1. Less than 9 Å Cβ to Cβ from residue B:60, Lys/Arg counted +1 and Asp/Glu -1: what total charge do the surrounding residues give?
2. Rounded if a/c is under 1.5, else prolate if a/b is larger than b/c, else oblate: which is chain A, with a ≥ b ≥ c the root eigenvalues of its Cα gyration tensor?
3. Please compute the length gained on full extension between residue B:7 and residue B:51, using 0.36 nm multiplied by the number of residues separating them and subtracting their Cα-Cα distance.
4. Given 10 °C and 1.306 mPa s, how large is the Stokes-Einstein diffusion coefficient of the range A:4-67 in µm²/s, with Rh as the Kirkwood radius over Cα pairs?
5. Give me the extension gain from residue A:61 to residue A:5: residue separation times 0.36 nm, minus the current Cα-Cα distance, reported in nm with one decimal.
6. Test of the criteria: in the range B:8-67, which trypsin sites (Lys or Arg not before Pro) are in a DSSP loop and have at most 14 other Cβ atoms within 10 angstrom of their Cβ?
7. Can you give the FRET efficiency to the nearest 0.05 for residue B:75 and residue B:21, using r as the Cβ-Cβ distance and R₀ = 35 Å?
8. Volume per residue, Å³, of the convex hull around the alpha-carbon atoms of chain B?
Amino acid sequence: MSDMKAFEIHTYQSGKWKIDSVFDDRDLAMFEAQRMDSSGRYTGIRVVEEIYLESTRETKTRTIYRGSKIAEANAAQLRKSKENRINKGQALKKRKTDPVQRRKTAQKRKRKKKASPVRLIMIMIMITAMAAGAMYGLLVLQGGL
Amino acid sequence: MVLRLLSYWREWCGDAAYPSFTQVDPTRMAEIWDYSFVLDIVGHEDNPIVRTVGSEFQNYLPQTVRDCALTDVPAASLIEHAASYYHEILDRGVPISRGGEFIKYDGMKVLYRSIILPMSDDGSSVSGLLGAANCREVPSD
């Protein structure tokens with residue numbers, strides 16, 4: 001028994017993939033898909049090979065062609081993420097080597113250091129003292145009146 | 001020819017899922033129409049009736065098959081092979097093209113490429129099938 005193969009042309013329409021036509025011949029399907037792709041009428045074109053394995057009664061599918069628009073979109077996305085990665089790396093490197101950046105980072109660290117628990121306690125003590133002073137002042141005023 | 005007919009079909013479809021037979025203008029596609037056939041499936045889903053057969057297509061048949069049920073068409077003929085997978089179009093609702101070879105009733109080997117397209121009266125449910133096939137005879141081994 002031989003395995004059965006079918007080549008489906010899919011088009012991307014209204015946010016989903018739709019089967020346009022089915023061929024038993026790979027070359028014909030590829031030819032038609034390329035022709036459709038070059039027509040510019042479709043947002044996306046792909047050819048999916050479907051293989052039915054008689055022995056296991058399983059169907060396996062794989063995309064054997066993607067229209068240029070999809071390929072271009074994928075390539076652009078890949079380029080963009082690559083550029084982002086490079087830019088991020090360079091910025092990090094610059095921050096490490098540039099003396100101005102290093103000073104800024106050190107100052108940031110210093111500022112971070114200042115926000116220690118001791119500092120907080122000091123602030124709390126100051127607030128408490130101020131509140132006590134205010135209360136004493138009020139009492140003196142009350143006594144005076 | 002198969003791909004040209006498919007292009008026509010897509011054009012007829014417009015925004016609908018399937019085109020109607022009323023959109024088919026045989027004079028505009030005479031070169032394809034001569035190789036085409038129409039299957040009536042309304043009430044005959046299990047055994048479609050051949051309603052029309054193009055003149056060139058008829059040349060590969062030993063007798064007229066107009067208004068014949070598919071099970072009654074001559075064995076080992078082009079229409080038998082070209083229409084053999086009609087149920088797949090009914091199941092999937094998309095155009096399907098098949099090719100192959102067979103030994104014709106007169107002993108000649110025939111290489112063929114066919115296509116069957118779903119057609120509709122209301123644009124959404126399949127009510128008929130338009131098929132076409134071209135072929136080449138080669139001496140059998």
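Computed from the coordinates by the stated procedures, all read-outs in this text should not be read as laboratory data. If you're wondering where the values come from, they're calculated on a predicted model, not measured in any experiment. Positions of Cβ are backbone-derived with ideal geometry, glycine not excepted, and every protein chain shown enters the neighbour counts.
1. Here the count lands on -1.
2. prolate
3. Fully extending the segment from residue B:7 to residue B:51 adds 13.6 nm.
4. 132
5. Once the chain is fully extended between residue A:61 and residue A:5, it gains 19.2 nm.
6. In loop regions of the range B:8-67 (DSSP not H, G, I, E or B), the sparsely surrounded trypsin sites (Lys or Arg not before Pro) are B:28, B:66.
7. Details: r = 28 Å, r/R0 = 0.81.
Using R0 = 35 Å, I get an efficiency of 0.80.
8. Hull volume over Cα atoms, normalised by residue count, gives 98 Å³.
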